[in-house]
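Take a look at the structure set out below.
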Amino acid sequence: MKTTRNATVGRNTKETKITVSLNLDGGDVSVDTGIGFFNHMLTSFAVHGGFGLKVVAKGDIYVDCHHTIEDTGIVIGKALNEILEDKSGIARFGSFYVPMDEALGFCSLDISGRPFLVFDAKFPEERMGDYDSCMTEEFMRALAFNSGITLHLRCIYGKNSHHITEALYKALGHSLKQAVKLNDDGSILSTKGVL
C-alpha cells in the first residue's frame, strides 16, 4: 500500500471528462458533477467515510445522467485501487447499517481483489431531481469492479427513494472507513498471504 493514502485519477471519453482526487485519511470534500442529487450522495459518502474527495465531472447530461454517474464510479474505483495496491496494512472488511427516517440501508464489503456486487434495493420513485434511481446500482457496480471490492448492499426496508439511496451511500462510506483502517502490523489479512 502507498505510504500516502491518496490518488488523483482522470478519465476522458467522448461522453465524459472526470477527475477524482481521493484521500482515505481525510481532507476537503468538493463535488461537481452537474447532477445535484449525485453531488449530495458523493458528499454524504465522503463525509461519513471520513475521506477527502474532490470530483469534477463534465458529462453528456443532456442525454441523461447514466454516463456521468457510471464513469464517476469507475474513476473513484480506480483511485481506490491505486491507493490500496496490494491491500496490505488494512482491516479489509467493513459492515454498517444506516437508518434514514423510515429506510434502513446495509452495506458489507471486502477489499478482496475479487470484484463482485450484490445489490438488493427497490426504489418507489424513479427519479430524485436529475438522478435516476436505477443509477445507484450502476454506480456501485462501477466502483466495485474498478476497485476490486466484493460489495453487498441492501435496503432492509424503506418507502422513500431519497432516503433509501442516501442510506446506501452513507453505509458504503462507513463500511469502507472500517475496511481501510490501518492494522497493527502492516500485513495482508489473508491465509494465502496475497490478495
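The values are calculated or read from the model by the stated rules, or taken from the named source; none is laboratory data. Given the structure is predicted, the values throughout are model-derived calculations rather than measurements. Positions of Cβ are generated from backbone atoms using ideal geometry, with glycine treated the same way; all protein chains shown enter the neighbour counts.
Things to note:
- Residue match in region 134-142 (condition: crowded, with 21+ Cβ neighbours inside 10 Å, within 28 Å of Arg5 (Cβ to Cβ) and in contact with a Lys or Arg (Cβ under 7 Å, 6 or more places away or on another chain)): no
- Test: residue in region 58-68 that is among the basic types (Lys, Arg) and over 22 Å from Ser175 (Cβ atoms): yes
- Some residue of region 107-118 being farther than 22 Å from Asn183 by Cα, assigned to a helix (DSSP H, G or I) and at pLDDT 95 or above: no
- Checking Gly113 against (1) surrounded by fewer than 14 Cβ atoms within 10 Å (Cβ to Cβ); (2) farther than 18 Å from Leu42 by Cα; (3) out of contact with any strand residue (DSSP E or B) (no Cβ under 8 Å at 6 or more places or on another chain), the condition it does not meet: (1)
- For region 1-38, the candidate set comprises residues that are among the β-branched types (Val, Ile, Thr) and exposed (fewer than 14 other Cβ atoms within 10 Å of the Cβ); within that set, the residue that is farthest from Thr136 (Cα to Cα) is Thr3.
- Of the residues making up region 118-143, those that are among the aromatic types (Phe, Trp, Tyr) and within 18 Å of Ile35 (Cα to Cα) are Tyr131, Phe139.
- Near pairs, Cβ below 6 angstrom, 6+ apart or cross-chain, from region 131-159 (within 22 Å of Ile90 (Cβ to Cβ) and in contact (Cβ under 8 Å) with a residue 12 or more places away in the chain) to any residue that is polar (S, T, N, Q) and in a strand (DSSP E or B): His152/Ser108
- Tally of residues being over 15 Å from the mean Cα position of the chain (by Cα) and small (Gly, Ala, Ser) across region 45-63: 2
- Residue within region 19-31 that is touching a helix residue (DSSP H, G or I) at 6+ places or on another chain (Cβ under 7 Å), among the acidic types (Asp, Glu) and farther than 29 Å from Leu189 by Cβ present: no
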